[in-house]
Amino acid sequence: MVIIVDSRLQKLRDWLLRQHSGTVCADRLRVIAAELVRITEQKVPGAVVELGTYRGATALWMRAVLDSLGGHDRTIYVYDSFQGLPSPGVEDSEHLAEGELLSSPAEVHSLHTSWGARPPVIHPGSFYESLPRSLPDEVAFAYLDGDFYASTLTGLENCVPRLVTGGVLMVDDYADTEVNPRAWDGLPGVKRACDAYFGVPSPMTVIVGEGDLAFGRYERKTA
């Protein structure tokens, strides 16, 4: 477990849990911080990327953690349509509808500047249009929060080949209830996309939190 000792980071954590409880939770923040600590300590090269940034709460947390570790030079890139969610496909549930989670680049920028943090490089547009042309060639850490099957699959197709050795991709809403019965399984298209991409047996590791965290982790072991 990562122990937050930086007072500013602790203040931000508490604020995010109060003001952005719909998209972040204590488990998510802890796991993400642990991965950023690892890539920093192991000097894993590459960028940090987030696919599905919404209002930028998770991106802000990643920026703050990196800065607390002295990683000011590591750039964060975020991707979102900023048009709300697309229509769910046949592999998805109806938990989220087309047009939900609408935000704007200005909201992401404003959130960061309000905390005195360097905003990420923002790439508006659908994943299938923006990722092939603007995703960094080397990725150390990717946080994939695509919600739906098609978005998740597109994210995997573009991110996994760009992971450096030791790089990690975390998939939000990856619910393997056989391994973790507590995991929230409201967006089944996410795991279905991972299974379609990686095949069976899957190299994904289930991350178990203290609550209903649904997280999958993939690490690039070799070049």
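The values are calculated or read from the model by the stated rules, or taken from the named source; none is laboratory data. As the structure is a computational prediction, the values presented were derived from the model and not from experiment. Here the Cβ positions follow ideal geometry from the backbone for every residue, glycine too, while neighbour counts run over all protein chains shown. These area figures cover heavy atoms from the full protein model, side chains too; ligands, DNA and RNA do not enter into them. Shrake-Rupley method; radii C 1.70, N 1.55, O 1.52, S 1.80 Å.
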With the 1.4 Å probe rolled over protein heavy atoms, region 93-145 has an accessible area per residue in Å² of 52
tail above 21 Å in the computed P(r) of the chain, as % of all Cα-Cα pairs, reads 52
Whole-number value, in Å³ per residue, for the convex hull of the alpha carbons of region 1-77 is 87
With every protein chain in place, the accessible area of Thr154 for a 1.4 Å probe, in Å² rounded to the nearest 10, comes to 30
Here the gain from full extension of Val200 to Glu100, 0.36 nm per residue of separation minus their alpha-carbon distance, amounts to 32.8 nm
Summed over the other residues with a beta carbon less than 9 angstrom from that of Leu51, with K and R at +1 and D and E at -1, the charge totals -3
For region 1-157, the accessible surface attributable to carbon and sulfur atoms (probe 1.4 angstrom, ligands and nucleic acids excluded) amounts in percent to 50
Gyration tensor on Cα atoms of region 87-150, a ≥ b ≥ c root eigenvalues, a/c under 1.5 rounded, else prolate if a/b beats b/c, else oblate, says oblate
Computed about the Cα centre, the charge dipole of region 81-223 from +1 Lys/Arg and -1 Asp/Glu charges at the Cβ has a magnitude in debye, to the nearest 20, of 620
Ordering Leu135, Leu17 by the accessible surface of their heavy atoms, 1.4 Å probe, largest first, yields Leu17, Leu135
If one builds a Gaussian network model of the chain from Cα atoms under 10 Å apart, the most fluctuating residue listed among Gly167, Gly125, Gly189 is Gly125
If the chain between Arg182 and Thr165 were fully extended at 0.36 nm per residue, the gain over the current Cα-Cα distance would be 3.0 nm
Each label sits 7 Å from Cα toward the beta-carbon; between His72 and Thr113 the label points are separated, in nm, by 2.0
The FRET efficiency for Lys11 and Arg38, from their Cβ-Cβ distance with R0 = 25 Å and rounded to 0.05, is 0.60
Ordered by number, the GluC sites (Glu not before Pro) in region 87-152 that occupy a DSSP loop and have at most 14 other Cβ atoms within 10 Å are Glu94, Glu98, Glu100, Glu138
Those trypsin sites (Lys or Arg not before Pro) from region 180-223 that are DSSP loop and have at most 14 other Cβ neighbours within 10 Å turn out to be Arg182, Lys221
From most to least accessible, 1.4 Å probe, no ligand or DNA/RNA atoms counted, Arg8, Arg38 line up as Arg8, Arg38
Env charge @ Arg192, Cβ radius under 9 Å, K,R +1 / D,E -1, value -2
Sorted by accessible surface (1.4 Å probe, heavy atoms of the protein chains only), largest first, Trp61, Trp115, Trp184, Trp15 come out as Trp184, Trp15, Trp115, Trp61
